[in-house]
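Participant: Next up is a structure, given as structure tokens.
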Amino acid sequence: MNKVVMPKLGDTMEEGKILSWHKHEGDEVKKGDALAEIETEKVNIEAEAFVAGVLRKILVAEGETVPVGTAIALVGDPKEPLDGDTGGGGQARAAAAPAASTPSVAAEEDPAAEPAPEPAMAGSASRVAESAPVATVYANGRANGSANGLVDAAALVPGAVGRIFISPIARRIASEHQLDVAQIHGTGPGGRIIREDVQAALERNLALGAAPAGVPVAAAIPVTPEAVAPEMAVPASVPSEDVEIAPLSQMRKTIARRLQQSMQTAPHFYVTVSIDATRLGELRASVNEYAASLPQPVKISLNDLIVKGVALALRQVPGVNVSFDGERLLLKKRVHVGVAVALDRGLIVPVVRDADRLTVLEIARESQRLAAAAKANTLKPEEFQGGTFTVSNLGMYGVESFTAVINPPESAILAVGAATPTPVVRDGQVVVRDVMKVTLSSDHRAVDGAVAARFLQALKTILEQPMGLVL
């Protein structure tokens with residue numbers, strides 16, 4: 001009997017939601033058939049079967065959310081008996097947690113072998129039980145490798161009293177903050193401790209005061225739902241005529257979790273410069289006039305020019321194109337610029353890869369393609385992962401300046417405001433120029449103030465003398 005599991009389609013993905021089943025119990029399944037539509041943190045994907053057979057059992061019902069690696073269905077020969085522990089979705093998920101305690105699934109890990117933050121979640125997926133065949137799930141018909149479709153198994157915490165199941169990212173955060181995980185109440189399936197539980201423990205400890213130096217802060221108090229400090233408690237909203245309850249989508253949950261993590265763990269600092277964008281606007285008009293006559297016309301935006309300028313500035317000042325790994329800096333050799341796209345359901349950041357090597361017209365075409373795919377909810381996982389720097393532009397809304405939250409595991413993000421007509425002094429005369437304010441948010445663990453200033457200085461020079469963008 002082959003298990004179809006919730007696939008892991010990104011470094012940060014921890015769970016997925018079954019939106020609908022395309023096949024029903026008893027239906028014949030061919031290799032490559034779409035089994036179900038799954039809502040992930042960024043996009044909806046179709047889970048495809050890796051083996052042929054009959055869909056014998058659906059273990060996770062429509063509308064249910066389960067961690068990656070959880071068995072969601074069984075595919076096999078119609079005459080093959082079903083396992084006794086697969087009587088339903090809840091039972092299958094309850095059985096999944098104890099299974100993770102076997103040595104073949106979650107043996108004690110070597111701390112020295114901890115992966116870097118960027119691929120941290122992907123690394124955990126390699127701890128897979130081989131005792132039974134597993135039907136790897138594909139996303140949009142593409143194999144992401146065994147690490148992406150199998151398990152994000154719960155890890156057994158060394159030294160704990162009894163069995164404590166905790167996700168790898170939760171264990172990492174708890175270790176960084178010296179939290180005693182035995183004192184944390186797990187709210188995941190089977191009592192599994194997840195990231196939200198650890199973050200809640202951190203907030204409660206801050207509210208109640210830190211423990212003495214050298215003592216794990218969570219050991220000072222039992223972190224349970226009853227231990228919430230009064231000032232930290234948030235009263236639940238009561239449905240009424242004045243209140244509408246809107247359940248959080250997977251995307252909104254991920255946005256909330258990742259940005260909260262970013263603000264809590266990365267010490268942000270901000271540097272702002274004003275850029276004379278007059279010549280940049282003139283260049284855009286000239287390029288668009290030329291591009292309109294091409295066999296495949298394309299219209300570039302001011303943001304396309306900014307993305308190209310950012311990519312060139314990152315090449316000049318590579319100290320901003322980095323990630324922080326707790327004890328190391330990861331210097332990125334390639335420049336992949338994420339472009340924030342606002343959707344009705346949230347924010348997503350498609351990535352323009354190797355933006356420093358693309359022409360302005362290529363960046364425009366790629367940006368338009370990615371934005372259209374994002375709005376149609378058809379982005380592939382590799383199209384919104386692996387960015388090394390992000391550009392967030394609110395200028396089209398008339399916003400003059402703002403600060404943006406860093407998109408982890410990146411170490412910086414550029415907030416771009418509107419180019420507005422502004423009186424400036426040139427050669428002793430007051431003239432009106434289009435001035436654009438940009439603010440760089442940086443993680444001070446990885447980027448120093450002088451490095452951030454040099455980056456903005458390079459970007460200002462590039463955008464104020466924009467012919468270099470097209471030569």
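The values are calculated or read from the model by the stated rules, or taken from the named source; none is laboratory data. The shown structure was predicted, so the numbers you read here are calculated from the model rather than taken from an experiment. FYI the Cβ positions are ideal-geometry reconstructions off the backbone, even for glycines, and counts take in every protein chain you see. To get the accessible areas, we keep the full protein, side chains included, count just its heavy atoms, and leave off ligands, DNA and RNA. Shrake-Rupley method; radii C 1.70, N 1.55, O 1.52, S 1.80 Å.
Participant: Do you know which residues across the range 41-59 are modelled with pLDDT under 85 and open to solvent by less than 10 Å² (accessible area, probe 1.4 Å)?
Facilitator: V43, I45, A47, A49
Participant: Quick check on my filter: what residues within the range 402-414 are modelled with pLDDT of 95 or more and either of a type outside the set (S, T, Y) or not in a loop (DSSP other than H, G, I, E, B) (or both)?
Facilitator: If the condition is that a residue be modelled with pLDDT of 95 or more and either of a type outside the set (S, T, Y) or not in a loop (DSSP other than H, G, I, E, B) (or both), then F402, A404, V405, I406, E410, A412, I413, L414 are the ones that fit.
Participant: Return the residues of the range 380-398 that are over 30 Å from E46 (Cα atoms) and not in a loop (DSSP other than H, G, I, E, B); say none if nothing qualifies.
Facilitator: Once the filter is applied, which keeps residues that are over 30 Å from E46 (Cα atoms) and not in a loop (DSSP other than H, G, I, E, B), the range 380-398 yields N393, G395, M396, Y397.
Participant: For the range 454-467, does any single residue satisfy the condition of being of a type in the set (D, E, K, R) and free of Cβ contacts under 8 Å to residues at least 60 places away in the same chain?
Facilitator: no
Participant: OK, next. Go through (1) surrounded by fewer than 18 Cβ atoms within 10 Å (Cβ to Cβ); (2) at pLDDT below 80; (3) hydrophobic (A, V, I, L, M, F, W, C) one by one and return the number of the condition M251 breaks.
Facilitator: Checking M251 against (1) surrounded by fewer than 18 Cβ atoms within 10 Å (Cβ to Cβ); (2) at pLDDT below 80; (3) hydrophobic (A, V, I, L, M, F, W, C), the one that fails is (1).
Participant: Next question, about the same structure. Please go through (1) more than 26 Å from Y397 (Cα to Cα); (2) crowded, with 19+ Cβ neighbours inside 10 Å; (3) not acidic (D, E) for G309 and return the number of the only condition it doesn't satisfy.
Facilitator: Of everything listed in (1) more than 26 Å from Y397 (Cα to Cα); (2) crowded, with 19+ Cβ neighbours inside 10 Å; (3) not acidic (D, E), G309 misses just condition (1).
Participant: Scan L280, L294 and give me the residue that is more than 22 Å from the chain's Cα centre (by Cα), crowded, with 20+ Cβ neighbours inside 10 Å and among the hydrophobic types (A, V, I, L, M, F, W, C).
Facilitator: L280
Residues are listed down the side, and each one gets a yes or a no for (1) without any contact (Cβ under 8 Å) to a residue 24 or more places away in the chain; (2) of a type in the set (V, I, T); (3) part of a helix (DSSP H, G or I):
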site	(1), (2), (3)
I363	no, yes, yes
T378	no, yes, no
E400	no, no, no
V416	no, yes, no
M436	no, no, no
T439	no, yes, no
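Participant: Out of (1) in contact with a Pro (Cβ under 9 Å, 6 or more places away or on another chain); (2) buried (at least 17 other Cβ atoms within 10 Å of the Cβ), what's the single condition that is false for V287?
Facilitator: Every listed condition holds for V287 apart from (1).
Participant: Do we find that L206 is open to solvent by less than 70 Å² (accessible area, probe 1.4 Å) and either of a type outside the set (S, T, Y) or modelled with pLDDT of 75 or more (or both) in this structure?
Facilitator: When the stated conditions are applied, L206 does not pass them.
Participant: Going residue by residue through the range 54-63, is there one that turns out to be closer than 25 Å to G346 by Cα and not in a loop (DSSP other than H, G, I, E, B)?
Facilitator: The answer is no; no qualifying residue exists.
Participant: Could you list, in sequence order, the residues of the range 446-471 that are surrounded by 14 or more Cβ atoms within 10 Å (Cβ to Cβ) and of a type in the set (D, E, K, R)?
Facilitator: Listed by number, the residues that qualify are R454, K460, E464.
Participant: Among the listed residues Q385, Q368, identify the single one that is of a type in the set (S, T, N, Q), within 14 Å of the chain's Cα centre (by Cα) and open to solvent by 30 Å² or more (accessible area, probe 1.4 Å).
Facilitator: None of the other options fit; the residue is Q385.
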